[in-house]
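Student: This is the structure, below, for whatever I ask next.
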Amino acid sequence: MAKLKLYEYPHPILKKKAEPVEKVDDELRKLLDDMLETMYASNGCGLAAPQIGVSKRIVVIDIAREDEEPNPLYLVNPEIIWRSEETEISEEGCLSVPGQRAEVERPASVKIRYLDYHGKQQEMLVEDFLAVATQHELDHLDGILYIDRISRLKRQMLLKKLEKFRKEHQE
Ligand code: GNR
Ligand code: NI
């Protein structure tokens, strides 16, 4: 396995709509494994392929806490096939927008259809924090960041703080 480089805002690959995967083969599984390793090494709970510079519709998620068994989820060509009317506001962060967080409103629960690690079609109803993480990752596949879902004023303030954060954290 290998830890891959993370692409950060405002890299243009993060704005592109990613391409569907044609076949779940060993080469794709290698990429999924490398994405999971990269996500764990970065202490993230989700990662979408555009964040490692690959414009394909694949996502890995693991929302298990550190004191729990790992529980990786691999989503290939995921689609939302149902959204709840009810919404929920929660605080989000993104490995591609380091050091920042903001409150985002999204459907509280969604149903997704996807191909799993073995290429088998699956459907799953996701709720609570898994619903937040799933929608955040699926947005990446359409070139959308959580900062695109907050007000212009809040985004401007967040991007100022991002500049400051980067100045303080550069080597
Ligand atoms: O690690 C992550 N944490 C997180 C917290 C709240 C809402 C969404 C996320 S996803 C993020 C990793 C990431 O950037 N995935 O694209
Ligand atoms: Ni993200």
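Student: Would you please list the contacts, defined by Cβ atoms under 7 Å and residues six or more apart or on different chains, that run from a residue in the range 55-66 that is over 20 Å from N43 (Cβ atoms) to a residue that is hydrophobic (A, V, I, L, M, F, W, C) and part of a loop (DSSP other than H, G, I, E, B)?
Tutor: Every condition considered, the pairs that remain are S55/A18; K56/A18; K56/V21; R57/A18; R57/V21; I58/V21.
Student: Of a type outside the set (V, I, T) and without any contact (Cβ under 8 Å) to a residue 12 or more places away in the chain: does that describe Q156?
Tutor: When the stated conditions are applied, Q156 passes them.
Student: Check the range 40-48 and report whether any residue there is at positive phi, in contact with a Lys or Arg (Cβ under 9 Å, 6 or more places away or on another chain) and not polar (S, T, N, Q).
Tutor: There is no residue in the range 40-48 that is at positive phi, in contact with a Lys or Arg (Cβ under 9 Å, 6 or more places away or on another chain) and not polar (S, T, N, Q).
Student: Residues that are in contact (Cβ under 8 Å) with a residue 60 or more places away in the chain, hydrophobic (A, V, I, L, M, F, W, C) and farther than 22 Å from P20 by Cα: does the range 104-126 have at least one?
Tutor: no
Student: Within the range 29-45, is even one residue modelled with pLDDT of 95 or more, under 21 Å from R106 (Cα atoms) and of a type outside the set (K, R)? Please lay out each step first, then the result.
Tutor: Our first condition is that a residue be modelled with pLDDT of 95 or more; within the range 29-45, this holds for 29-45.
Cutting the leftovers down to under 21 Å from R106 (Cα atoms) gives us 44-45.
Still in the list and also of a type outside the set (K, R): 44-45.
Looking for residues that are modelled with pLDDT of 95 or more, under 21 Å from R106 (Cα atoms) and of a type outside the set (K, R), one finds at least one in the range 29-45, hence yes.
Student: Which condition number in (1) of a type outside the set (K, R); (2) in contact with a helix residue (DSSP H, G or I) (Cβ under 6 Å, 6 or more places away or on another chain); (3) within 18 Å of K111 (Cα to Cα) is the one that Q135 fails?
Tutor: Status for Q135: all satisfied but (2).
Student: Restricting attention to the range 135-152, does a residue exist that is surrounded by fewer than 12 Cβ atoms within 10 Å (Cβ to Cβ), of a type outside the set (D, E, K, R) and in a loop (DSSP other than H, G, I, E, B)?
Tutor: Checking the range 135-152: at least one residue is surrounded by fewer than 12 Cβ atoms within 10 Å (Cβ to Cβ), of a type outside the set (D, E, K, R) and in a loop (DSSP other than H, G, I, E, B).
Student: Further, regarding this structure: From R113, R106, R101, grab the single residue that is surrounded by fewer than 15 Cβ atoms within 10 Å (Cβ to Cβ), under 17 Å from the mean Cα position of the chain (by Cα) and in a strand (DSSP E or B).
Tutor: None of the other options fit; the residue is R101.
Student: Additional query: Considering each residue of the range 109-147, count those that are away from ligand 1 (no atom under 13 Å from the Cβ), within 18 Å of S90 (Cα to Cα) and charged (D, E, K, R), and give that number.
Tutor: 1
Student: Same structure, new question: Please go through the range 135-168 and pick out each residue that is more than 20 Å from P12 (Cβ to Cβ) and in contact with a strand residue (DSSP E or B) (Cβ under 7 Å, 6 or more places away or on another chain).
Tutor: The answer is Q135, I150, K154, K161, F165.
Student: Scan the range 33-68 for residues that are under 20 Å from E127 (Cα atoms), assigned to a loop (DSSP other than H, G, I, E, B) and either charged (D, E, K, R) or touching a helix residue (DSSP H, G or I) at 6+ places or on another chain (Cβ under 6 Å) (or both) and report the count.
Tutor: Qualifying residue count for the region: 5.
Student: Any residue in the range 80-94 that is touching a residue at least 24 places away in the same chain (Cβ under 8 Å) and part of a strand (DSSP E or B) sitting within a Cβ distance under 8 Å of a residue that is of a type in the set (A, V, I, L, M) and within 7 Å of ligand 1 (Cβ to nearest atom)? List the pairs, counting only those 6 or more apart or interchain.
Tutor: From residues that are touching a residue at least 24 places away in the same chain (Cβ under 8 Å) and part of a strand (DSSP E or B), the pairs are E88/V132; S90/V132; E92/V132.
Student: Further question on the same structure: For V60, work out the one condition from (1) surrounded by fewer than 19 Cβ atoms within 10 Å (Cβ to Cβ); (2) at pLDDT 95 or above it doesn't fulfil.
Tutor: For V60, the exception is condition (1).
The values are calculated or read from the model by the stated rules, or taken from the named source; none is laboratory data. Just so it is clear, the model here is predicted, and its values are computed rather than measured. Every residue, glycine among them, receives a Cβ derived from its backbone with ideal geometry; neighbour counts consider all protein chains shown.
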